[in-house]
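Asker: Encoded as C-alpha cells, here's the structure I'll be asking about.
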Amino acid sequence: MSAVDVAAVVKNYGAQKVLDDIAIHFQEGAFTSLLGPSGSGKTTLLRIVAGFVTPDQGVVRIGADDVTRVPVHARNIGMVFQSYALFPHMTVMENIAFGLHRRGVRGAEATRRARQALDLVQLSHLGERRPKQLSGGQQQRVALARAIVFSPSVLLLDEPLSALDRRLRQDMQVELRRIQQESGLTTIFVTHDQEEALTLSDHIAILDGGRIVQEGAPAQIYEHPRTRFAASFLGDANFLSGPTMPGGIEIDGRPIKVAMPFETRGRATVAVRPEKMSIDGPGENRIPAVIRQIVYAGATTTYLLDGPEGLPFRVFTQNHEANLHPVGSAVWLTWSPAHTILLAE
Amino acid sequence: MTVRLSRRHVAGLLSASTALGMIGLPLRRAWAAETITVLNWQGYGTDEKWALQAFTKATGIAVQHDYYSSEPEMITKLRTNPGAYDVAVVNSARTQQLQAEDLLMPLDLSRIPNAVGLTPALRDNPNIHIDGKAYGCAWVWGYNAIAYRQPGIQTPDSYKIFQDPAYEGRLALLDDATNSVAIGALLTAQDMNDPKDLTAVSEQLKAMKKNLKLLWSSEDQWNKGFEAKAFDLAVYWSGASVRSRRTYKLPLGFTAPKEGAIGWFDTLGVPSSSTKAEAALAFVNYMIDPAFYVEWATKVGAPASANGSAMEKLPADDLNRTTHDPALFKSMQFMGPLPDERRQAFADLWEETKAFYAR
Amino acid sequence: MQGELAGGGLRQARSGRSLKRAMPVWVGTLALLLPTYLWLTLAIFLPLLGMLVFSFLTKAPFGNAKPAFTFDQYLAFVRQPYLIDVAWTSLRLALVTTGLCMILGLAAAMALKQAASGRARTILFMLIILPFWTNGLIRIFSWTMVLREGGFIDMVIRAFWPGAPSIGLLYSEPAIIIGLVHGYLPYMILTCFISLLAIDDDLIDAARSLGARNYVIFGKIILPLALPGLISGAVLTFVPVIGCFMEPRILGGRVGVTMGTVIEDQFTSAFNWPRGAAFSFSMLALVLVVFALFSSVLRQGGIAREDG
Amino acid sequence: MTHVARAFLLGVLLFLYAPIIVMVAMAFNASPLYAMPFEFSTRWFGALAGDAVLIDSTRNSLVIAVLTAVIATILGTAASLALERKRFMGRAILRILLLPPIAIPWIISGTAMLLFFFWTGIGRGFHAMLIGHVALAIPYVVLVVGTGLKNVRVDLEEAAQSLGSTPLHAFFAVTLPLLAPSIAAAALFAFAVSLDQFVISYFLATPGYSTLPVQIYTAIRKGFTPEINAISALLLGFSMLAILAFVCLSKAGGTLERR
C-alpha cells in the first residue's frame, strides 16, 4: 500500500489534448474518485497510473518509485475493469490465483490466500465455477477479489459498477467501501456517477476537458464548488449572474449578498444549491418567482420556478408538512448569503 | 455395375497403402556416372521408364526430367536455368526464336548415326535451319485434323462441317490461337502461317459458335469428354487420336480434310548452356532409333517418327503408320515461326473469338 | 514478439522494487510485423514489382528483345472492348459466388453451432475442412463427373424418377459457380463459425425469453457478431475468384472465358507477359475499387479498416 | 430448430462431398477415362505402389504443407496481433498489402517469383517453394486469426498485465488459449492452401523435386490416370483416421467450446 503521485502529466492523441498538466496526490489508504463526463480524461489518467498509457510529459510515482516508464506488470497494481475482464477459460479460483502465481506464490499458500480473498467477497462456494456461469454482481466480486488478493500497492477501479443494475449497484457500493476499508488499500476509482463518487470517496477530483477542475473531500466540494462545471456536475445548482456590487451581485435590481469576500469588478456568477433555498422562508437573499411545475416525490418535493427575466430555478423541500404551493402562484425564493457560492468564471 | 474382387485387387490395395506408409523414408535413387536433364512435356516419349533403363544400361548415362506445360514456359525455363538442361524438346516453330536468343547450340547431325534415316522434309526443314546450321534434330511429327464419332458421322471432307447446323452443340475446338487461326485460314484458302485477311479468319471461326460445346486443352480432357459423349466432332492431334483409338478404344474416326491438315514437328535441341553435349547427342540418337520408336509406338502410342525408316518398321496396317501417311507431306503445311507481332495478332483474334463464344 | 517482452522481467514484477523501463510500444509492433512483411516482400512484393515494370514495356526484356516504355498494355480495354465483357463475367462470377458462399456459409456455421456440441461439433468441423485437403484440380475434374449429362446427379435423380430428363449442367455458368462455391465455401463456414463462437447461447435464450422473434435475434445478435467472419470470408472468396481460371476452363466449356483465363493465355500462349501483367494489375485495381465501394461496411471490422 | 439445422448441415456436407465421393469411386473404377458403367478394380492402387515419383512427390507435398502451415501460422498470427491490437500509421496500407498475394493470379505470381528468384540467386526447389507457399498462406492466416482476435477482448490481456504478466506471458496465458480455435483453423487453411497450390509449385519445382499437385497438373496434358484418384483417396482416408484418432484421444473436443 502506497501513496500515488501524478505530477505535470500531459497526454496528447494527435492534435487532441487528452490530459493537460495534471498534478494530483492520491493519499495512502484513501479512496479517491476521479469524476467527470466521458471524454474528460479520467480513464486516461487511470490508465496512466496503471501503465497502459505512457504520458507525453510528467511523472507518475507509486510510493517512492518513479514508475512513469515501468511496464504495467512491474507496477504491482490491482485493477478492476469495467467489463470485469475475467478469464473465461479459467475457473474462479484460477482467476483469483493468477496474480499470486505471477508473484511466485503457488501451491497451498496460493490456494489459502485465494480462498481468503473469495471469503472476503463472500463467494466461497463458487470457486470452481467458470465466469460465464456467474451473475454480473458475482463476476464483479470475483474481479475485485482477483485484483486485491496479492496486496497491490494501489487498487484501480475503472467504472466497475456501471454494468450493474441499480439495486445491485447500491449493494456493491456498500460492499466495495467495506472491503476497501478492511484492506486499507489506496484506491483510485473512475466514475461518471456523482452519487457513487459522493457515497464512496474520501477524496474526489473532478475532471473536465483534460484538467482537474477541483479536488477535495466530497462535502467540501459539494458545499464549495469553484466552477459552474463543478457545481453542476456534482449535485444540482441554481445559477445567477449579474454585475457586482459591494458585498454581492445585483439581479433584477436586487442585491444578492455573498458571505465570502471578493473583488467588486464587472460581472460575476453565483450558485445556490436547490435544497438551500426555501419558498417564502427566512433568508437575507430574496428573489420573486412563479411556480411552473411541481414534482412530488413523497419524502421531498421539487419545485421548478421562473425567476426574473425567465431565469429558471429549482428548489428541493422536505415534506415536513403538506402545504404545497399551487402551480402559478407568485412566491419569494429566499436563502442565506452563506449558501451563496461565488464561482470562478 | 460389376464388382469383382480378386486377390490381385487386394494385393494392389495393400501394396499401395504400404508404399504410402513408407512415405517418411527417403527413396533410394541410383546415380549413374553422368546424368542429363531433359526438358519436355510430361509423358511424351523421353520419360518412358523402360526406355530410360535401356538407355542407361547401354550408355551409362542417367536421365532425369523437368516438364513444361506451355511453350512460353519452356522458353522461360531455358532462360532462367542456364546449364540445367541438356536436351529440350522444341516445337520447330519455336526454334528460330530460341536460336535468336542463343539458347540452342547448332548440331552436327553427322554425329548422330540414326539421323541418316530422317525424312528429308523434316530434317532439312527451314524451320530449324539457320545460316546452314541445324538447331535441332527432327524427332516426331504429327498434324491436327478432324476427329469424329463413329458410327454416326460420315468421314468429313472439310472443316466446313464445324459450321454445319446438324452438329449444334457437338463440337470441341482446341484452345490454341495458332491452331484456330490456321483452321480459319485454311477455310479461306490463305497461308496458315501468314494469313493476310484476319477478319475473314475470325468470321469463319465465329460461325462455329452454335456448334461449339467446349474448348479443350489437354488430351485427358478430350478423352474424358469424348467418353462422356460431351461432343461428337472435334479438332484433334493425330498422335493422340491413335492413342484414343488403340489404348482407350474410343469410337472415333480421324481424317485430314481437303483444305489440309495442320502439320507440326518437334525437335530435340541441345541448349547452348549444356555442358554435357556428348551425352545429350547420345540421347538424341537413341530417341530417333527405330528400335526405340517401334517399342514406343506399339507399347504406348506415339506421334509419327521423323525417322522414315522407323516408321517403315511398323506393320503396314498399324494405325499409327496409316494415320501418318507420308503422302500427307505433299499437301500439308507445317506451322512455322511467327514474328511476335503476328503471334500477338493471332492471340488477340482468338481471345476476342472466345469472348464472342462465351457471350 | 520477443522485443516487447524483453522489457520487463518477471523477477522485477515479483519484487516490485528494482523497476525496469518498458520498451517503446513501436518496438513490439515492429517485431510482430517485420517477419511477415519481410517474407511477403521477398516472395511477393519485389517479384510483383518486376512484373509491374514489365507491364509498362512493349515486350518482356529477354534475349534480343528491345523493349520500350509504353502505356499501351493498359489501353487494351479500350482497344479490345470485348475485354470489358470478360471483366464483367469475372466480376459477376465473383459476386455471385461470394454471395452464395455468404448465405450458405453463415447458415452452415449457425447450423453447426446449433446442431452439435463438444466432440461431435469438432468432428463435423473437421469433416467440413477435409474435402479441402484434396487437390483442387481433382475436385474440379470430379465435378465434371457429377454435373455432366448422365453424371452423378442424373444418376441419383433417375434412381428416383426413371426416365427423368438430364440436368446436364456441365459447360455452363452455373457449373462454374457450383465449382467455385464448392471450392470456397469451407473458408466462409470457418470464418463465420469462428465469429459465432463468441455468441453465448444464453444470449440468444435471453433474447428469446424477452420475446424476440427469430429474425430479430438474427438481425440484432447473430449478424453483427458474425460480420467480421462474413467479411473475412468474403475477402477470401471474392479476391481469388475474380482471378480464377481452372474452374471456368474445365467446367465452363464454351462460356468459360474470364479475366483469369485471358491472363493465363497471355502468359502461356501469347507469351505477352507485359499485357498479362497489365491485366492482372488492372484486376487488382478492380478488386481495390470494389473494396473501396464496400469500405463503409468493411470499416466495421474487415481488412480495409481505417485507423482511428 | 435443431432438426432443421441438422438437415441443413447434412445437405452442406453432401454438397461438399459430392465430388469427393466421385473421386474415391473413380479410384476403384477400372476405366482410366472415368467411364461408366462402374467396374470395380484396385489396379490403380497397384499401379500407385510402383510409382515412386508419385509417392515421392506426395511426401514432398505433405512436408511442404506442414512446414507452410507452421511458419505461416506463426508469422501470420504475430502480424495479426499487431494489425488488430496496435495503432500505428500505415496500418490500413499494411492490411491492403495482404490482398495482392491472393488477388494476383497464381500464374503471374509464379512467373514473377521464378524470375525474381532467378535474378537474386534464390533459385528453385524446396526452399523456393516453401518461400512461395508461406507467402500465399500468410494472408489467410492473418484474416482468420484477425477474425478470432476480434472476439478476444483486449481488456483480458490488460487484466493479465495488471496482475503481473509480461505482454508475452499475457499472450500465452490468456490470448492464446482463447484464440486456439482460430489459430487451428488458420493452420488448417494454410495447410490446405499449400496442398492445393500447383501453379507456383510448378514454376518453382526442379527436375528432381516436385509435389503432388505439380504431378497432377503436368499429368493433365497426357491424361491423368486414376492413380491420382487412388493416392488422393488414400490421403483422404488417412486424414480421416488421423482426425478421428485425434478427436478421440485428445481433449480437443473441448477446444471449440471454451470461450
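The values are calculated or read from the model by the stated rules, or taken from the named source; none is laboratory data. Model, not experiment: these values are computed from the prediction. FYI the Cβ positions are ideal-geometry reconstructions off the backbone, even for glycines, and counts take in every protein chain you see. Calculation scope for accessible area: heavy atoms of the full protein, side chains included, ligands and nucleic acids excluded. Shrake-Rupley method; radii C 1.70, N 1.55, O 1.52, S 1.80 Å.
Asker: Going by a ≥ b ≥ c, the root eigenvalues of the Cα gyration tensor, does segment D:50-258 fall in the rounded group (a/c under 1.5), the prolate group (a/b larger than b/c) or the oblate group? Mind dumping the intermediate values first?
Answerer: Details: a/c = 2.81, a/b = 1.50, b/c = 1.88.
Because a/c hits 1.5 or more and a/b fails to exceed b/c, segment D:50-258 counts as oblate.
Asker: Just add up the charged neighbours of A:A237: K/R +1, D/E -1, any other residue whose Cβ is under 10 Å from the Cβ of A:A237.
Answerer: Values: positive: A:R228, A:R273, A:K276, A:R314; negative: A:D236.
Around A:A237, the surrounding residues sum to +3.
Asker: Follow-up question, since we're still on this one. Taking square-rooted eigenvalues a ≥ b ≥ c of the alpha carbon gyration tensor, is segment C:78-307 rounded, prolate or oblate, where a/c under 1.5 means rounded and, failing that, a/b exceeding b/c means prolate? Spell out each step's value before the answer.
Answerer: Values: a/c = 2.33, a/b = 1.30, b/c = 1.79.
Oblate.
Asker: Between segment D:189-246 and segment A:28-63, how far is it from one alpha carbon centroid to the other, in angstrom?
Answerer: Centre-to-centre (Cα) distance: 58 Å.
Asker: Report the far tail of the P(r) of segment A:4-228, meaning the percent of Cα-Cα pairs longer than 29 Å.
Answerer: Values: 6548 of 25200 pairs.
Result for the distance tail: 26 percent.
Asker: Hey, another quick one. To the nearest 100 Å², how much accessible surface do chains C and D cover up together, summed over both, with a 1.4 Å probe? Spell out each step's value before the answer.
Answerer: On the way: alone 19050 and 15820 Å², together 24830 Å².
Chains C and D together bury roughly 10000 Å² of accessible area.
Asker: To continue, here is another question. Which whole number gives the average, over all residues in B:221-230, of C-beta atoms from other chains lying within 10 Å of the residue C-beta?
Answerer: On the way: counts 7, 1, 6, 11, 6, 1, 6, 11, 3, 7.
So the per-residue partner count for this stretch is 6.
Asker: Then there is this: Got a sec? Which residues of segment D:63-82 lose 30 Å² or more of accessible surface with every protein chain in place, vs. that chain alone, 1.4 Å probe?
Answerer: So the qualifying set is D:L75, D:A78, D:A79, D:A82.
Asker: Which net charge results for the neighbourhood of D:L212, defined as the other residues with beta-carbon distances under 13 angstrom from its beta-carbon, given Lys and Arg at +1 and Asp and Glu at -1? Write out the running numbers ahead of the final one.
Answerer: On the way: positive: D:R59; negative: D:D51, D:D56, D:D196, D:E227.
That sum, taken over residues with Cβ under 13 Å, equals -3.
Asker: Okay, next question. Restricting to segment A:4-228, what percent of DSSP beta bridges are antiparallel, rounded to 5?
Answerer: Just about 55 percent of them are antiparallel.
Asker: With the dipole of chain D worked out from charges on the C-beta (+1 for Lys and Arg, -1 for Asp and Glu) around the Cα centre, which of D:I122, D:L54, D:L241 lies farthest toward the positive end?
Answerer: Going by the Cα projections, it comes out as D:I122.
Asker: Taking both sides together, what accessible area is buried at the C/B interface, probe 1.4 Å, expressed in Å² and rounded to the nearest 100?
Answerer: Approximately 2700 Å² gets buried when C meets B.
Asker: Relative to 2.2 N^0.38 Å, what does the C-alpha radius of gyration of segment D:1-41 come to as a ratio? Two decimals please.
Answerer: Values: Rg = 14.8 Å, N = 41, 2.2 N^0.38 = 9.0 Å.
Cα-based Rg divided by the globular estimate yields 1.64.
Asker: Once every DSSP H run of n ≥ 4 in chain A is given -39500 (n - 2.57) and the sum is divided by its residues, what mean residue ellipticity at 222 nm do you get, rounded to the nearest 500 deg cm²/dmol?
Answerer: Calculated mean residue ellipticity at 222 nm is -7500 deg cm²/dmol.
Asker: Step through the residues of segment B:294-304 one at a time and calculate ³J(HN,Hα) from phi using the Karplus curve (6.51 cos²θ - 1.76 cosθ + 1.60, θ = phi - 60°), rounding each to whole Hz and writing x for Gly and Pro.
Answerer: 4, 5, 4, 5, 8, 6, 10, x, 9, x, 6
Asker: For chain B, set up a Gaussian network in which alpha carbons nearer than 10 Å are linked by springs, and say which option among B:P113, B:P72, B:P126 fluctuates the most.
Answerer: Ranking B:P113, B:P72, B:P126 by mean-square fluctuation puts B:P72 first.
Asker: With a cut-off of 8 Å between alpha carbons and a minimum separation of six or more residues, what is the relative contact order of segment D:1-46 in percent?
Answerer: Values: 24 pairs, mean separation 11.9, N = 46.
Computed over segment D:1-46, the figure is 26 percent.
Asker: Counting only protein heavy atoms and a 1.4 Å probe, tell me what percentage of segment C:78-307's accessible area is made up of carbon and sulfur. Mind showing how you got there, number by number?
Answerer: Numbers: 5340 of 7990 Å².
Roughly 67 percent of what the probe reaches on segment C:78-307 is carbon or sulfur.
Asker: Over the whole of C:172-179, what's the average partner chain Cβ count within 10 Å per residue? Rounded to a whole number, please. Walk me through the numbers on the way to the answer.
Answerer: On the way: counts 0, 1, 0, 0, 0, 0, 3, 1.
For peptide C:172-179, the averaged partner shielding equals 1.
Asker: In whole angstrom, note down how far apart the Cα centers of segment C:40-55 and segment D:49-126 are.
Answerer: For segment C:40-55 versus segment D:49-126, the Cα centre distance is 14 Å.
Asker: Cross-link list B:K210/B:K249; B:K160/B:K210; B:K196/C:K66; B:K213/B:K249: which exceed 20 angstrom alpha carbon to alpha carbon? Working shown, then result.
Answerer: Working: B:K210/B:K249 29 Å; B:K160/B:K210 13 Å; B:K196/C:K66 26 Å; B:K213/B:K249 23 Å.
Long pairs (Cα-Cα over 20 Å): B:K210/B:K249; B:K196/C:K66; B:K213/B:K249.
Asker: What Kirkwood hydrodynamic radius do you get for segment D:40-121 when you take the inverse of the mean 1/r over all pairs of distinct Cα atoms, in Å?
Answerer: Working: mean 1/r = 0.0596 Å⁻¹.
This gives a value of 16.8 Å.
Asker: Nearest 100 Å² is fine: how much accessible area is buried between A and D, summed over both sides, with a 1.4 Å probe?
Answerer: Details: alone 15980 and 15820 Å², together 29980 Å².
Interface area, both chains combined: 1800 Å², rounded to the nearest 100.
Asker: Also, I was wondering about something else. When a/c is below 1.5 the answer is rounded, else prolate if a/b is larger than b/c, else oblate, so apply that to the protein assembly as shown with a ≥ b ≥ c taken from the square roots of the Cα gyration tensor eigenvalues. Provide the component values of the computation, followed by the final result.
Answerer: Details: a/c = 2.64, a/b = 2.50, b/c = 1.06.
Since a/c reaches 1.5 and a/b is larger than b/c, the shape of the protein assembly as shown is classed as prolate.
Asker: Given a 1.4 Å probe and heavy atoms of the protein chains only, how would you sort C:L52, B:L314, largest accessible area at the top? Working shown, then result.
Answerer: Working: C:L52 65, B:L314 5 Å².
So, going from the largest accessible area down, we get C:L52, B:L314.
Asker: For chain B, state the average projected area of the convex hull of the C-alpha atoms over all orientations, rounded to one decimal in nm².
Answerer: Numbers: hull surface 84.7 nm².
Reported value for the Cα convex hull: 21.2 nm².
Asker: Tell me the relative contact order for chain A as a rounded percent, counting alpha carbon contacts under 8 Å between residues six or more apart. Present the calculation step by step, with values, prior to reporting the outcome.
Answerer: On the way: 729 pairs, mean separation 57.3, N = 345.
So the answer I get is 17 percent.
Asker: Suppose a student asked you for the relative contact order of chain B, using Cα pairs under 8 Å spaced at least 6 residues apart; what percent would you report? Each step should come with its number before you reach the end.
Answerer: Details: 581 pairs, mean separation 88.0, N = 359.
Over chain B, the number comes to 25 percent.
Asker: Another question about this same structure. Could you tell me what percent of the DSSP beta bridges with both partners in segment B:145-301 are antiparallel, to the nearest 5?
Answerer: Numbers: 8 of 14 bridges.
Just about 55 percent of them are antiparallel.
Asker: Let me ask another. Could I have the simple spin-label model distance between A:Q170 and B:A189, label points 7 Å from Cα toward Cβ, reported in nm to one decimal?
Answerer: 10.8 nm
Asker: Reachable lysines from A:K276, Cα under 24 Å, same-chain residues fewer than 8 places away excluded?
Answerer: A:K257
Asker: Would you kindly state how much longer the chain becomes between A:D21 and A:Q293 on full extension, computed as 0.36 nm times their sequence separation minus their alpha carbon distance, in nm to one decimal?
Answerer: Contour length minus the Cα-Cα distance gives 93.6 nm.
Asker: Under a 5 Å amide H to amide H cut-off, with H placed in plane at 1.01 Å, what residues pair with B:Y85 once short-range neighbours are removed?
Answerer: Close amide H contacts, sequence-distant or interchain: none at all.
Asker: May I pose another question? Keeping every protein chain present and rolling a 1.4 Å probe, give me the accessible area per residue for the protein assembly as shown in Å². Intermediate results must be reported in sequence, preceding the final value.
Answerer: Values: 48730 Å² over 1271 residues.
Here the residues of the protein assembly as shown average 38 Å² of exposed surface.
Asker: Here is a follow-up. Can you find, among B:A228, B:P257, B:T267, the residue farthest towards the positive end of the dipole of segment B:212-292? Put +1 on the C-beta of Lys and Arg, -1 on that of Asp and Glu.
Answerer: B:A228
Asker: Of all beta bridges DSSP finds with both residues in the protein assembly as shown, what is the antiparallel percent, to the nearest 5? Please list the in-between numbers first.
Answerer: Numbers: 86 of 122 bridges.
Here the share of antiparallel DSSP bridges comes out near 70 percent.
Asker: Around B:S110, under 13 Å between beta carbons, what's the net of Lys plus Arg minus Asp minus Glu among the other residues?
Answerer: Numbers: positive: B:R111, B:R123, B:K133; negative: B:D108.
Local charge sum for B:S110: +2.
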